[in-house]
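Novice: Once you've had a glance at the structure underneath, I'll fire off some questions.
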Amino acid sequence: MNTGTLCEIPANNGGIEMTVIFDTITSKILPGILIAIVTSFITVRLSMKQFYTQKWWERKADTYSKIIEELSYLQYYFGELFDEGIQIKKINSDVHNELWKDFNNSKQQIFKTYASGAFIISDRSTKALEDLVKKIEQESSNGDYVGDFDRWYGAVKKCIQIIRDEAKKDLKTK
């Protein structure tokens, strides 16, 4: 009597042999399962690598953008004070105070980025910021603040160009 269980099927009596079932499992089903597991593992690893690479790129892009924004403000500030110093324009005290406040904020951001951002931005960018920080901290000994603003304006302009060039290379953009 055949109840349909494998144990009751006679091995040599024309029934399905256990070796045939085992061969089917090992030759057709098991390789498919192993391929699915390996493929899933590789796909997840590659996806995670791409995710972290993209996040790092975004962090670099954000850092470069912030640096250029702060440098642009410094350039604007030095230009405004230079123009006032050579009497091209007159800045009222409220605007002057606001410019001074924003200048200090931007300067602090640049100093902070210079101190901590070296592992995110290129070495050349870090060097350009270092040179700028040194120049901004130097005042002329004869009290020529207009000359200082002019020198600082030029230093910031040069630094912006270096940072832009390095950002394009570092972020692989045109």
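The values are calculated or read from the model by the stated rules, or taken from the named source; none is laboratory data. The structure displayed is predicted, hence computed values, not measured ones. Don't worry about glycine lacking a Cβ; one is built from the backbone with ideal geometry, like all the others, and counts go over all protein chains shown. Heads up: the accessible areas ignore ligands, DNA and RNA and are worked out on the full protein's heavy atoms, side chains in. Shrake-Rupley method; radii C 1.70, N 1.55, O 1.52, S 1.80 Å.
Novice: From the helices alone, meaning DSSP H stretches of at least four residues, give me the mean residue ellipticity at 222 nm for the chain, per-run term -39500 (n - 2.57), in deg cm²/dmol to the nearest 500.
Specialist: Details: 5 runs with 128 residues, N = 174.
Helix-only estimate at 222 nm: -26000 deg cm²/dmol.
Novice: May I ask which residue of Gly85, Phe149, Phe41 lies farthest towards the positive end of the charge dipole of the chain, with charges of +1 (Lys, Arg) and -1 (Asp, Glu) on Cβ and the Cα centre as origin?
Specialist: Toward the positive end, the furthest listed residue is Phe41.
Novice: What does the charge dipole of the range 29-119 about its Cα centre add up to, to the nearest 20 debye, if the Cβ of each Lys and Arg holds +1 and the Cβ of each Asp and Glu holds -1?
Specialist: So the dipole magnitude of the range 29-119 works out to roughly 620 debye.
Novice: Report in % the part of the accessible area of the chain that belongs to carbon and sulfur, leaving out ligands and nucleic acids; probe 1.4 Å.
Specialist: Details: 7100 of 12330 Å².
Ligands and nucleic acids excluded, carbon and sulfur give 58 percent.
Novice: Still on this structure, please answer the following. Zone of Trp56 (label point 7 Å along Cα→Cβ, backbone N under 19 Å): which residues in the range 99-123?
Specialist: Counting backbone N atoms under 19 Å from the label point, the list is 116-123.
Novice: Leaving ligands, DNA and RNA out of it, rank Ile37, Ile136 by accessible area with a 1.4 Å probe, largest first.
Specialist: Ile37, Ile136
Novice: Nearest 20 debye, what's the magnitude of the dipole of the range 43-174 about its Cα centre given +1 on Lys and Arg Cβ and -1 on Asp and Glu Cβ? Mind showing how you got there, number by number?
Specialist: On the way: 23 positive and 21 negative charges, 216 e Å.
In debye, rounded to 20, the range 43-174 gives about 1040.
Novice: Send over a whole-number figure in Å² for the accessible area per residue of the range 65-114, probe 1.4 Å.
Specialist: Each residue of the range 65-114 exposes 60 Å² on average to a 1.4 Å probe.
Novice: Pull up the cross-link candidates among the aspartates and glutamates for Lys101, meaning alpha carbon to alpha carbon under 16 Å and not fewer than 8 places away within one chain.
Specialist: Glu69, Glu70, Glu80
Novice: Bins of 10 Å, beginning at zero and ending with the bin holding the largest distance: percent of Cα pairs per bin for the range 62-140, please.
Specialist: Reading upward from the zero bin: 17, 47, 26, 10, 0.
Novice: Take the Cβ-Cβ distance between Asp144 and Tyr76 as r, set R0 to 25 Å, and report the resulting FRET efficiency rounded to the nearest 0.05.
Specialist: 0.75
Novice: Turning to a different aspect of this structure: Sequence neighbours fewer than 8 away in the same chain don't count; with that in mind, list the lysines whose C-alpha is under 26 Å from Lys168.
Specialist: Within the straight-line cut-off, Lys168 pairs with Lys49, Lys55, Lys60, Lys66, Lys107, Lys112, Lys127, Lys134, Lys135, Lys157, Lys158.
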